[in-house]
1. Which residues, taken from the range 1-48, are among the polar types (S, T, N, Q), assigned to a loop (DSSP other than H, G, I, E, B) and modelled with pLDDT under 90?
2. State which residue is farthest from the ligand (Cβ to nearest atom) when the search covers only the range 153-170 and only residues that are in a loop (DSSP other than H, G, I, E, B) and buried (at least 20 other Cβ atoms within 10 Å of the Cβ).
3. Kindly check whether there is at least one residue in the range 221-236 that is charged (D, E, K, R) and either farther than 26 Å from Pro5 by Cα or part of a helix (DSSP H, G or I) (or both).
4. Hey, among Thr303, Thr250, Thr254, Thr274, which residue is surrounded by 24 or more Cβ atoms within 10 Å (Cβ to Cβ), out of contact with any strand residue (DSSP E or B) (no Cβ under 6 Å at 6 or more places or on another chain) and hydroxyl-bearing (Ser, Thr, Tyr)?
5. Restricting attention to the range 111-150, and to residues there that are assigned to a helix (DSSP H, G or I) and either without any contact (Cβ under 8 Å) to a residue 40 or more places away in the chain or surrounded by fewer than 18 Cβ atoms within 10 Å (Cβ to Cβ) (or both), which single residue is nearest to the ligand (Cβ to nearest atom)?
6. Which condition number in (1) surrounded by 15 or more Cβ atoms within 10 Å (Cβ to Cβ); (2) touching a residue at least 40 places away in the same chain (Cβ under 8 Å); (3) under 22 Å from Met31 (Cα atoms); (4) in contact with a helix residue (DSSP H, G or I) (Cβ under 8 Å, 6 or more places away or on another chain) is the one that Phe84 fails?
7. So for the range 136-154 (the condition being within 17 Å of the chain's Cα centre (by Cα), among the β-branched types (Val, Ile, Thr) and within 29 Å of Phe79 (Cα to Cα)), does at least one residue qualify?
8. Go through the residues of the range 263-271 one by one and say whether even a single one is touching a helix residue (DSSP H, G or I) at 6+ places or on another chain (Cβ under 7 Å) and part of a loop (DSSP other than H, G, I, E, B).
Amino acid sequence: MTDSPIGRVVAVSTGTVRVRPQNIAGDWRPMLWWTATSRTWSEPMPIWTFAIEHPRGLVLFDLGQSPASAEPGYYPGGFLGWAFARQASFVVERSLPDALAGEGIGLPDASIAVVSHLHQDHAGNIALLEPGVPVLVSAQEHGLLDAKTPEMHGVMPRHVSPKGANLLPVPLDNFADNSPATTVEPPAALLALGGGPCDDPELSGFPGAWDLYGDGSLVLLSTPGHTPGSASLLIKRGSRSPLLLVGDVTYDPTLMPQGIVPGTGAEGLQRTTTAEIVALAERLPGLVVLAAHDPAVPHLLSTAH
Ligand SMILES: [Zn+2]
């Protein structure tokens, strides 16, 4: 017996990433300063992809690191390439299909994918999805693809928006004070999933929320800061504890109640988003926050009630 459409939720990792300590917990030093001078790395951290069973099909949240990222020429050259390499060091350990196979899941089982943001360790495997599988991304993040220099936001369009990809921009602005001119029309393929803006007042502290299938079990929340359009997925499981997949809002959810935010991204937005998530955890007892690179994720998932 279950009171929720959500079935199994599992996490698989495609590799590891090490970052600078200031990336995990920012301090007074400007980003460029620690990017240039830091001599220490964190321990290697996983690169999680989450698979969520829903009666409408398997939902993937974040798609992990691509084996192609180990090949020369994957990253930009020049100053940006230098900054990328100084800030994060990736090791690809297995392809996404191999990682999922370890849990008995086939990548072709995925009905839709959702990405927290368009960094390559979250959206680098879009090209591996079956043709036409929708990839939901916040409309604001999607807009970075048309920016003058997406790479300045760490976004490499040729890897995360490959030919044939079915990226669906999700408007996440129903709680924001937007003029109609800035509101994005939802694409028909997104509406065809049966969802729409989620007007649940307990989520109104976030700029926007979108109920994926219209059943309230999977709600994409606007959680900007790490990138301008970063989003998190709230999984409501009836009497079981709700889960919040936050991407790179934090590397370590235990730092969030202290207001400690990563040293990359927009600091003010990160603080606002972090405070909203801490407040949400008070409104949703038992909320389990799962970060994209947190080594504690398997433990947190296995102990969630
Ligand atoms: Zn990121």
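1. Step one: list which residues in the range 1-48 are among the polar types (S, T, N, Q), which gives 2, 4, 13-14, 16, 22-23, 35, 37-38, 40, 42.
The next check asks that each one be assigned to a loop (DSSP other than H, G, I, E, B); those that pass are 2, 4, 38, 40, 42.
Selection gives Thr2, Ser38.
2. So in the range 153-170, the residues in a loop (DSSP other than H, G, I, E, B) come out as 154, 156, 161-165.
The next check asks that each one be buried (at least 20 other Cβ atoms within 10 Å of the Cβ); those that pass are 154, 156, 161.
Numbers: Gly154: 6, Met156: 12, Ser161: 16 Å.
The residue in question is Ser161.
3. Here is the first cut: in the range 221-236, the ones charged (D, E, K, R) are 236.
Keeping just the survivors that are either farther than 26 Å from Pro5 by Cα or part of a helix (DSSP H, G or I) (or both) gives none.
Checking the range 221-236: not a single residue is charged (D, E, K, R) and either farther than 26 Å from Pro5 by Cα or part of a helix (DSSP H, G or I) (or both).
4. Working: Thr303 fails: surrounded by 24 or more Cβ atoms within 10 Å (Cβ to Cβ); Thr250 fails: out of contact with any strand residue (DSSP E or B) (no Cβ under 6 Å at 6 or more places or on another chain); Thr254 fails: surrounded by 24 or more Cβ atoms within 10 Å (Cβ to Cβ).
Being surrounded by 24 or more Cβ atoms within 10 Å (Cβ to Cβ), out of contact with any strand residue (DSSP E or B) (no Cβ under 6 Å at 6 or more places or on another chain) and hydroxyl-bearing (Ser, Thr, Tyr) holds for just one of Thr303, Thr250, Thr254, Thr274, which is Thr274.
5. Checking each candidate, the answer is Pro150.
6. All conditions are met except number (4).
7. Within the range 136-154, one or more residues are within 17 Å of the chain's Cα centre (by Cα), among the β-branched types (Val, Ile, Thr) and within 29 Å of Phe79 (Cα to Cα).
8. If we filter the range 263-271 for residues that are touching a helix residue (DSSP H, G or I) at 6+ places or on another chain (Cβ under 7 Å), which is where we start, we get 263-264.
Those still in the list that are part of a loop (DSSP other than H, G, I, E, B) too: 263-264.
Yes, the range 263-271 has at least one match.
The values are calculated or read from the model by the stated rules, or taken from the named source; none is laboratory data. The shown structure was predicted, so the numbers you read here are calculated from the model rather than taken from an experiment. Glycine gets a Cβ as well: all are built from the backbone with ideal geometry, and neighbour counts include every protein chain shown.
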